[in-house]
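These notes are about the structure you will find just below.
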Amino acid sequence: MDSAETFEKAALGHLDAVYRAAVALCGGRQEADDLVQETYLRAFERFESFRPGTNCKAWLLRIMRNIWIDRLRRKKIAGNELPLAEQAVAEEGRDKETVWSNAEDLIENFSDEQVIKALSELQEDQRLTLFLIDVEQLSQEDVARITGVATGTVKSRTSRGRAALKERLASYARKMGLAGH
Amino acid sequence: MNHITDERFEDILQGEETDLAHLRQCQDCRDRLAEKKAIAERLRSAFGSMHASPELADRISQTLNAATAAVTSDRPVKRVSLSSHRRQLWPAFAAAAAILIVLVPLSVYFNTSSTAKAAQAELVGIHQENLRPDREFFSDAEPEKLAEYLKSELGFSPAFPCTGQGMAIRGCCVAHFRERIVGSYVVDTPQGVISIIVVTDRPKSLGMSRMSERTRSGQTCWKASFARCSMVTVRLGDYSYCAVGEISHKYLLELISRLLS
């Protein structure tokens with residue numbers, strides 16, 4: 001079996017998960033395609049560093065996160081503003097504490113696109129962490145390895161990310177007239 | 001009554017059976033937990049039906065096959081062609097092409113299972129990235145600003161190259177090497193663009209061989225070749241300064257000797 005075949009067998013099975021994570025990071029499907037392709041090429045280039053029997057999905061996600069961070073840095077150098085959750089929340093008025101009387105009913109009113117958009121507006125570290133914990137249901141330890149931080153940081157990022165996501169959805173709800181201030 | 005902390009909620013959501021007694025008697029914490037669960041489940045369902053397109057999967061397979069075919073037949077890599085409606089993805093393919101340039105000599109990498117060769121491939125990959133027309137650099141006329149930038153990204157200030165004699169720093173940038181963040185200077189020289197990549201790894205662990213020549217200041221130099229690139233490395237303090245470029249070792253040694261003098 002040649003190297004490409006071995007790689008495809010090990011890595012392409014995780015394509016959907018890597019793609020979903022790319023959408024979570026990028027917010028848009030076109031940019032996500034681009035990120036996924038670069039991730040697989042980079043992974044193929046470094047396949048020798050992958051230890052068979054270890055978590056291939058986590059390995060791919062870590063590579064993707066590194067590529068994404070490199071891209072963010074380039075954007076930052078180019079003078080582009082990065083989407084920061086604090087800025088977005090500040091615009092909506094963070095002092096308005098949202099009280100959801102029935103969270104489960106309320107969040108069902110949002111479309112998938114709105115939920116994904118709200119996620120994409122979170123800070124990069126919270127966005128990926130929350131996605132990996134809630135959507136991919138990875139363990140805190142795996143997420144810590146992927147994102148290169150301590151498990152405690154994963155917990156706090158997840159918690160802050162979920163709170164920020166709730167605030168984003170609450171602001172959508174206000175705009176849609178589904179919730180009061 | 002002490003309510004459950006946010007971190008404990010995360011443990012509960014991970015399936016840890018903790019604080020059950022408190023949850024039984026505290027409606028407030030039960031509501032908070034239900035809300036967190038609802039958000040998590042809604043997030044999960046939003047992505048539930050999302051799959052990579054067959055087109056993306058095909059494109060990745062084709063690109064990998066093209067890379068493998070090029071390696072085995074020693075022919076130039078043919079990039080997977082773009083359909084007209086996806087021309088907006090050109091930057092992605094440009095990136096892919098840059099990586100493929102590195103993939104061709106990866107036959108050595110795969111055949112020898114050499115981590116040192118893999119490291120050299122990564123260094124050359126960083127240099128190839130630096131050569132891309134759309135590569136963004138942090139650039140500033142003041143060397144202090146460049147040093148500040150690298151310090152903020154790397155946590156230390158690498159030695160700053162001395163320019164002049166036809167050499168000018170285009171900018172500096174960071175990239176990942178062996179899953180760590182490293183900095184590189186991109187320098188225009190009369191012989192072409194070179195990258196000086198600063199890594200913590202010792203030259204020997206990068207698979208480099210000792211050169212008989214030394215720098216003007218008497219430092220030991222190490223060299224390697226990968227793809228069309230030459231590499232000459234000098235160890236200063238805790239860091240290796242690796243000059244990479246498509247020029248001879250002799251001239252690269254001269255350049256790095258001048259730059260780090």
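Dividing the alpha-carbon radius of gyration of segment A:129-181 by 2.2 N^0.38 Å (N being the number of residues), what value is obtained?
Values: Rg = 14.0 Å, N = 53, 2.2 N^0.38 = 9.9 Å.
With N residues counted in segment A:129-181, Rg over 2.2 N^0.38 Å equals 1.40.
For B:Asn65 and B:Ala159, compute 0.36 nm times the residue count separating them, minus their Cα-Cα distance, and round to one decimal in nm.
Here the segment from B:Asn65 to B:Ala159 would lengthen by 29.6 nm.
Need one number: nm distance between label points at B:His51 and B:Arg210, each 7 Å from Cα along Cα→Cβ, rounded to one decimal.
5.9
Just the ratio, please: alpha-carbon radius of gyration of segment B:6-48 over 2.2 N^0.38 Å, N its number of residues.
Expressed relative to 2.2 N^0.38 Å, the Cα Rg reads 1.22.
Reachable aspartates and glutamates from B:Lys145, Cα under 15 Å, same-chain residues fewer than 8 places away excluded?
Cα-Cα hits under 15 Å: B:Glu153.
Find the percent of Cα-Cα distances in segment A:3-77 that exceed 19 Å, and round it to a whole number. Could the numbers behind the result be given before it?
Values: 847 of 2775 pairs.
In whole percent, the share of Cα-Cα pairs in segment A:3-77 beyond 19 Å is 31.
Output the direction-averaged projected area (hull surface divided by four) of the convex hull of the alpha-carbon atoms of segment B:135-259, in nm².
Over all viewing directions, segment B:135-259 projects a mean Cα-hull area of 7.4 nm².
Assuming 0.36 nm per residue, please report the length gained on full extension of the stretch B:Lys37 to B:Arg180 beyond their Cα-Cα distance. Can you show the working numbers first?
Working: separation 143, 0.36 × 143 = 51.48 nm, distance 3.50 nm.
My answer for the length gained is 48.0 nm.
Less than 22 Å apart at the alpha-carbon level, and either on another chain or at least 8 residues along: which lysines does that give for B:Lys204?
Those lysines meeting the cut-off are B:Lys117, B:Lys223, B:Lys250.
Report Rg/Rh for segment B:134-205, rounded to two decimals, where Rg is the Cα radius of gyration and Rh the Kirkwood radius.
Here Rg/Rh amounts to 0.96.
Run the quick spin-label model on B:Glu17 and B:Ala147: label points 7 Å from Cα toward the beta carbon, then report their separation in nm to one decimal.
So the label points at B:Glu17 and B:Ala147 sit 6.1 nm apart.
Taking the Cα centre of segment B:135-259 as origin, sum charge times position over the Cβ atoms of Lys and Arg (+1) and Asp and Glu (-1), and report the length of that vector in debye to the nearest 20.
With Lys and Arg at +1 and Asp and Glu at -1, about 600 debye.
Note the per residue figure in Å³ for the convex hull of the C-alpha positions in segment B:220-261.
60
When we measure straight from the Cα of A:Lys155, which lysines land under 29 angstrom away, once same-chain ones fewer than 8 places off are left out?
Answer for A:Lys155, where 29 Å is the Cα cut-off: A:Lys57, A:Lys75, A:Lys76, A:Lys96, A:Lys117, A:Lys166, B:Lys36, B:Lys37, B:Lys151, listed by chain and number.
Can you work out the FRET efficiency for the pair A:Gln137 and B:Gln191, with r the C-beta to C-beta distance and R0 = 56 Å, to the nearest 0.05?
So, using R0 = 56 Å, E works out to roughly 0.55.
Quickly work out the B:Ala168-to-A:Asp16 label distance, labels modelled 7 Å from Cα along the C-beta direction, and quote it in nm with one decimal.
The two pseudo-label positions are separated by 5.4 nm.
FYI, it's all coordinate maths here, none of it is from the lab. This one's a predicted model, so the numbers in the text were calculated from it and none came from an experiment. With ideal geometry, Cβ positions are generated from the backbone for all residues, glycine too; neighbour counts draw on all protein chains shown.
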